[in-house]
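To start, the structure under review is shown below, and the notes come after it.
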Amino acid sequence: MPDHPFFSFDLLATRGHARAGVVHTPHGDIPTPAFMPVGTQATVKTMTPRDLREVGATVILANTYHLYLRPGAETVAKMGGLHRFMSWDGPILTDSGGFQVFSLKGLRQVDDAGVTFRSHLDGSIHRFTPETVIAVQEQLGADVIMALDECPDPHDYAYNAEALTRTHRWAERCRQAHRRPDQALFGIVQGGVFPDLRAQSAAFLTGLDFPGYGIGGLSVGESKAEMHAVLDLLDPLLPADRPRYLMGVGTPEDLIACVARGVDLFDSVLPTRIARHRAALTRRGRINLRNAQYADQPGPIEPGCACYTCRTFSLAYLHHLVKADEILGLHLLTLHNLHLMLSLAREIRQAILSPSRNDVFTQYNSRGDPS
Ligand SMILES: [Zn+2]
């Protein structure tokens, strides 16, 4: 594995277990805690890079599995890499593709050397090994790339123990295979809800000295209390001077609760996915714009929200757009939902850097910690 002359993490402040910092990458800085919008197919659905900048995105995620199948990593490389291909010049993180492959129930077969799977697009047969997922991610060219891991049912001890051995061996092989010095490779801690396996995983992976660590296998069916217990356990076991990325989480509540447990980076399809279900995130919970009660509401989705949607359009107009199945409705809801997650992350960061009496953490703690 190369040194990472282009990648570093500065921890600027802590508040309890919460951390504020900056991740430096070849395509710019990521102030943390940060929420990463998900651009599965090299596009954050309905959002141009200009829109993403406007809502305050500092880093986005793209999915290796999808881009490997279509348009293919060679095509992306030929077009100058993912940043140029999708015209996003900020930091990008790619996952290893493992999570998607392991979600293909009945379409994949795992062995110690890798995983063979059928494409969900045309049924063709493919194989991911630690070496191939690194090669594909090197062709895509993201700033942060992830090791291949296996993500079992979080409550199945025997399967987690067996898969963990593979995940660790794969992490070593990914580290060996990784060549590009302008990319940082993160290892991924697994082990389900089991403290002994999680501790074992943290010890093994930190021994390999990755520039950052993913926390995988959460938000996949366990309870919030179980997720929080894993994060509490890992907080002192992961090095303080490396970023921690909680994969596939979460909701606005998760952001606050998990930053409070030492997490720096998040990604989730939630804000973009629920927009396609005609729903908006608000500070008082989710609302569905199809609901007839919005038909004659002159106000915005969220009073005081600074996003373009809330500055410009009434609930009544958004209700009309979603009832009429207009594309603009999906775009405006996505824009608001991402803005909410990104501004919440900024607010959390501010509350770590300069705590005040009525900030997000104080409000959160006064409501009672769900754990
Ligand atoms: Zn808004």
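The values are calculated or read from the model by the stated rules, or taken from the named source; none is laboratory data. Not measured: the values here are computed from a predicted model. For neighbour counting, all protein chains shown are included, and Cβ atoms are generated from backbone atoms with ideal geometry for every residue, glycine included.
Sub-7 Å Cβ pairs linking a first residue in region 14-30 that is of a type in the set (Asp, Glu) to a second residue that is surrounded by fewer than 22 Cβ atoms within 10 Å (Cβ to Cβ) and in a strand (DSSP E or B), at least 6 apart or interchain, are 29/22, ordered by first then second residue.
Restricting the search to region 156-186, which residues are outside any helix (DSSP H, G or I) and under 16 Å from residue 138 (Cα atoms)? Give the steps one after another, and end with the answer.
Initially, region 156-186 is screened for residues outside any helix (DSSP H, G or I), giving 156, 178-186.
Result: 178, 179, 180, 181, 182, 183, 184, 185, 186.
One residue stands out among those in region 45-74 that are over 20 Å from the mean Cα position of the chain (by Cα), under 27 Å from residue 175 (Cβ atoms) and not small (Gly, Ala, Ser): the one that is surrounded by the most Cβ atoms within 10 Å (Cβ to Cβ), which is 69. The single condition among (1) within 19 Å of residue 245 (Cα to Cα); (2) part of a strand (DSSP E or B); (3) not aliphatic (A, V, I, L, M) that residue 116 does not meet is (1).
In the set 44, 38, only one residue is at pLDDT 95 or above, of a type in the set (A, V, I, L, M) and in contact with an Asp or Glu (Cβ under 6 Å, 6 or more places away or on another chain); that residue is 38. Remark: pairs (first residue in region 270-294, surrounded by 13 or more Cβ atoms within 10 Å (Cβ to Cβ); second residue among the hydroxyl-bearing types (Ser, Thr, Tyr); Cβ separation under 6 Å; 6+ apart in sequence or on different chains) = 272/334; 275/334. Within region 100-115, being surrounded by 13 or more Cβ atoms within 10 Å (Cβ to Cβ) and within 17 Å of residue 167 (Cβ to Cβ) holds for 100, 101, 102, 103, 108, 110, 113, 114, 115. When region 345-361 is filtered for residues that are within 16 Å of the ligand (Cβ to nearest atom), closer than 18 Å to residue 261 by Cβ and surrounded by fewer than 20 Cβ atoms within 10 Å (Cβ to Cβ), only 347 remains.
One residue alone among 307, 258 is within 14 Å of the ligand (Cβ to nearest atom), at negative phi and surrounded by 16 or more Cβ atoms within 10 Å (Cβ to Cβ), and that residue is 307.
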